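Enquirer: This is the structure, below, for whatever I ask next.
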There are 2 protein chains.
Amino acid sequence: MSDRTRPIPTVAIAVDLAVLTVRDGSLQVLLVERGIEPWRGLQALPGGFLDDEEEDLDTAAARELAEETGLDLDQVHLEQMRTYGTPGRDPRGRVVAVCYLAFIPDLPSPHAGGDAQAAAWVPAQTVLEPGTRLAFDHKRIVADAVERARSKIEYTTLATRFCPPEFTVAELRQVYEIVWGEPLDQRNFHRKITGAEGVLVPTGEQTTRQGGRPAGLFRAGPVTTLHPAMLRPTRAW
Amino acid sequence: MSDRTRPIPTVAIAVDLAVLTVRDGSLQVLLVERGIEPWRGLQALPGGFLDDEEEDLDTAAARELAEETGLDLDQVHLEQMRTYGTPGRDPRGRVVAVCYLAFIPDLPSPHAGGDAQAAAWVPAQTVLEPGTRLAFDHKRIVADAVERARSKIEYTTLATRFCPPEFTVAELRQVYEIVWGEPLDQRNFHRKITGAEGVLVPTGEQTTRQGGRPAGLFRAGPVTTLHPAMLRPTRAW
DNA sequence: CCAAAAGTGTTGTCCCTACACCCATGC
DNA sequence: GCATGGGTGTAGGGACAACACTTTTGG
């Protein structure tokens, strides 16, 4: 804290969301089309300025996530990711953006936007292609979010947050394969994830929605850290 | 970003530092005594308000670290940790603090403070005791910093940042033992850390400063991620 | 010679990869 | 029966914990 006596400069605080889901075989991020300048017409992360003197950052993020997706905190994972404050990132003035990362399941109902313009799910891979442009520094934020997601599912059970309330082992494995972009051995995955205590709770039900032999259905268990960790397939070190 | 037309509320941004080092056999954090209200006379993390319209957050953190310790970025590790913005955390008004985590070696020369009042190294354990009070929510921030440090040295080579430029394997091991608060097997540690490619570079020199058989001296190598990871001794899962 | 600290060997266990193989459904 | 996907078995290798042991200094 400064001990100087000159006035304290103020800046605007934005709370932005990188909302990720897995749908249609790819990792996708929620983007809204900007209705005003700057970057009018370009896509951006949903978010807003911190507008209530009494609202916590985490609360603001949760409120905005609910506005965009209709989901509350029981159903999603929401965590603070990083704060971006490079001068010039917003041409209107000094804006510091506190960014949150959310994992949500593939919504069967279309997300009714709050005050958002047209909201759309866009594959992360598409967003990160060289030709794609987003408003502000949001492309870089998406890159950070994807990297964080890839890393987090290694040692936590957060991959289950991309699944519906009840899911099969194969569905969970597909989440891993899609987020990492690499195939996993179905048999070793099954043994490992079902062998980890407290991660999966069998419902006793079965489903044949994927064809073939019926698969057991599971719910996410109480454990949040994955031990032993689920390691990505060997890369060059 | 808000698409509303009412004025954008502004708040003050503080950039605060949790500077950690290992000295006198304990993990310690740099605290300064506050010269003004609020919490005049209490200890707080060093930091200051973002005071230059053209200064990046990372740059501001690096500048403040240099002011407090005299060290530049070549010698330390500095990373953004988390942003704290709970209403009421500063009685003067809405202040959002972007907190950075720094790892620095035990300075042989006393840190000449910039505009800081009396600066002091305080063992983290002392800070986190129930009876200790810090200004603002800085006690919680110290707790987050310690936990982050304990976790980071598992899978990165950042423990070397707590060591002088040249150090022995035993000195590095003591860093781990102090940060984790648990003893490690000297023999397994030696094998593992010297076996990891690119982590340690032998200088060819030896030292007997710890008594006994001379130990080889090393410098930190180019690799930043530790593979395989250095795992903490087994806790109850 | 003895204490102290550095560094090497060994052994059993766990986990991981890689496969082969059987099971239960729809058609 | 046959295709499709679910679930189990097994063998080899790497990493790890827990040890004993040798090496090299100072006193």
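The values are calculated or read from the model by the stated rules, or taken from the named source; none is laboratory data. Small disclaimer: the values here were computed from a predicted structure and weren't measured. Counting neighbours? That spans all protein chains shown, and the Cβs are built from the backbone with ideal geometry, glycine included. The protein model used for the area step is the full one, side chains on, heavy atoms only, and it has no ligands, DNA or RNA in it. Shrake-Rupley method; radii C 1.70, N 1.55, O 1.52, S 1.80 Å.
Enquirer: Condition first: at pLDDT 95 or above, more than 13 Å from DNA strand C (Cβ to nearest atom), open to solvent by 60 Å² or more (accessible area, probe 1.4 Å) and not assigned by TED's automatic domain parsing to the domain that holds A:ARG92. Can you find one or more residues in region A:182-202 that meet it?
Expert: Yes, some residue in region A:182-202 is at pLDDT 95 or above, more than 13 Å from DNA strand C (Cβ to nearest atom), open to solvent by 60 Å² or more (accessible area, probe 1.4 Å) and not assigned by TED's automatic domain parsing to the domain that holds A:ARG92.
Enquirer: Between a first residue in region B:210-223 that is part of a strand (DSSP E or B) and a second residue that is away from DNA strand D (no atom under 15 Å from the Cβ) and open to solvent by 100 Å² or more (accessible area, probe 1.4 Å), which pairs have beta carbons less than 8 Å apart while being 6 or more apart in sequence or on different chains?
Expert: Between residues of region B:210-223 that are part of a strand (DSSP E or B) and residues that are away from DNA strand D (no atom under 15 Å from the Cβ) and open to solvent by 100 Å² or more (accessible area, probe 1.4 Å), the close pairs are B:ARG219/B:PRO165.
Enquirer: Across region B:155-181, what is the number of residues that are within 16 Å of DNA strand C (Cβ to nearest atom) and more than 11 Å from the chain's Cα centre (by Cα)?
Expert: 17
Enquirer: Right, next: Please go through region A:124-142 and pick out each residue that is open to solvent by less than 40 Å² (accessible area, probe 1.4 Å) and either in the same structural domain as A:GLU197 (by TED's automatic domain parsing) or touching a residue at least 40 places away in the same chain (Cβ under 8 Å) (or both). Write out each step before concluding.
Expert: Taking region A:124-142 first, the residues open to solvent by less than 40 Å² (accessible area, probe 1.4 Å) are A:124, A:127, A:132, A:134-138, A:141-142.
Hits for region A:124-142 are A:ALA124, A:VAL127, A:LEU134, A:ALA135, A:PHE136, A:ASP137, A:HIS138, A:ILE141, A:VAL142.
Enquirer: Restricting attention to region B:203-213, report how many residues are of a type in the set (D, E, K, R), over 28 Å from the mean Cα position of the chain (by Cα) and within 10 Å of DNA strand C (Cβ to nearest atom).
Expert: Summing the residues that are of a type in the set (D, E, K, R), over 28 Å from the mean Cα position of the chain (by Cα) and within 10 Å of DNA strand C (Cβ to nearest atom) in region B:203-213 gives 1.
Enquirer: Here are B:ALA145, B:ALA170, B:ALA120: which of them is in the same structural domain as B:PRO46 (by TED's automatic domain parsing), in a helix (DSSP H, G or I) and among the aliphatic types (A, V, I, L, M)?
Expert: Exactly one residue qualifies, and that residue is B:ALA145.
Enquirer: Among the numbered conditions (1) over 22 Å from A:VAL98 (Cβ atoms); (2) in contact (Cβ under 8 Å) with a residue 24 or more places away in the chain; (3) more than 10 Å from every other protein chain (Cβ to nearest Cβ), tell me where B:LEU17 comes up short.
Expert: Only one criterion is unmet by B:LEU17, namely (1).
Enquirer: Considering only residues that are free of Cβ contacts under 8 Å to residues at least 40 places away in the same chain and either within 21 Å of A:ALA119 (Cβ to Cβ) or part of a loop (DSSP other than H, G, I, E, B) (or both), which ones fall in region A:51-63?
Expert: Within region A:51-63, A:ASP51, A:ASP52, A:GLU53, A:GLU54, A:GLU55, A:ASP56, A:ALA62, A:ARG63 meet the criteria.
Enquirer: Count, please, the residues in region A:197-210 that happen to be within 13 Å of DNA strand D (Cβ to nearest atom) and more than 13 Å from A:THR160 (Cα to Cα).
Expert: Of the residues in region A:197-210, 9 are within 13 Å of DNA strand D (Cβ to nearest atom) and more than 13 Å from A:THR160 (Cα to Cα).
Enquirer: Over 18 Å from B:ARG94 (Cβ atoms), in the same structural domain as A:PRO108 (by TED's automatic domain parsing) and modelled with pLDDT of 95 or more: does that describe A:LEU20?
Expert: Taking the combined requirement at face value, the residue satisfies it.
Enquirer: Provide a single number: the residues in region A:51-66 that are within 11 Å of chain B (Cβ to nearest Cβ) and open to solvent by 10 Å² or more (accessible area, probe 1.4 Å).
Expert: 9
Enquirer: Hey, can you tell me all the residues within region A:8-31 that are part of a loop (DSSP other than H, G, I, E, B) and of a type in the set (Gly, Ala, Ser)?
Expert: Selection gives A:GLY25 alone.
Enquirer: Suppose the filter is more than 16 Å from DNA strand C (Cβ to nearest atom) and of a type in the set (Lys, Arg); does A:ARG133 pass it? Let's see the steps before the verdict.
Expert: Numbers: more than 16 Å from DNA strand C (Cβ to nearest atom): yes; of a type in the set (Lys, Arg): yes.
Taking the combined requirement at face value, the residue satisfies it.
Enquirer: Looking only at region B:211-235, count how many residues are open to solvent by less than 100 Å² (accessible area, probe 1.4 Å) and either within 18 Å of B:THR160 (Cα to Cα) or more than 9 Å from DNA strand D (Cβ to nearest atom) (or both). Spell out how you get there, then give the answer.
Expert: So in region B:211-235, the residues open to solvent by less than 100 Å² (accessible area, probe 1.4 Å) come out as B:211-212, B:214-218, B:220-221, B:223-230, B:232-233.
Keeping just the survivors that are either within 18 Å of B:THR160 (Cα to Cα) or more than 9 Å from DNA strand D (Cβ to nearest atom) (or both) gives B:215-218, B:220-221, B:223-230, B:232.
Final tally of qualifying residues: 15.
Enquirer: Another question, then. Answer with yes or no whether A:THR86 is closer than 30 Å to A:PRO9 by Cα, open to solvent by 60 Å² or more (accessible area, probe 1.4 Å), touching a residue at least 40 places away in the same chain (Cβ under 8 Å) and not aromatic (Phe, Trp, Tyr).
Expert: Details: closer than 30 Å to A:PRO9 by Cα: yes; open to solvent by 60 Å² or more (accessible area, probe 1.4 Å): yes; touching a residue at least 40 places away in the same chain (Cβ under 8 Å): yes; not aromatic (Phe, Trp, Tyr): yes.
So A:THR86 passes the test.
Enquirer: Now for a separate question. Can you confirm whether B:THR208 is surrounded by 13 or more Cβ atoms within 10 Å (Cβ to Cβ) and hydroxyl-bearing (Ser, Thr, Tyr)? Show your work before the answer.
Expert: Working: surrounded by 13 or more Cβ atoms within 10 Å (Cβ to Cβ): no; hydroxyl-bearing (Ser, Thr, Tyr): yes.
Taking the combined requirement at face value, the residue does not satisfy it.
Enquirer: Can you spot a residue in region A:144-153 that is within 30 Å of A:LEU17 (Cα to Cα), crowded, with 19+ Cβ neighbours inside 10 Å, in contact (Cβ under 8 Å) with a residue 40 or more places away in the chain and within 16 Å of DNA strand C (Cβ to nearest atom)?
Expert: Within region A:144-153, one or more residues are within 30 Å of A:LEU17 (Cα to Cα), crowded, with 19+ Cβ neighbours inside 10 Å, in contact (Cβ under 8 Å) with a residue 40 or more places away in the chain and within 16 Å of DNA strand C (Cβ to nearest atom).
Enquirer: In contact (Cβ under 8 Å) with a residue 60 or more places away in the chain and closer than 22 Å to B:PHE103 by Cβ: is that true of B:ARG161 in this structure?
Expert: When the stated conditions are applied, B:ARG161 passes them.
Enquirer: Tell me, please, whether a residue that is surrounded by fewer than 20 Cβ atoms within 10 Å (Cβ to Cβ), of a type in the set (Val, Ile, Thr) and assigned to a helix (DSSP H, G or I) can be found in region B:32-48.
Expert: no
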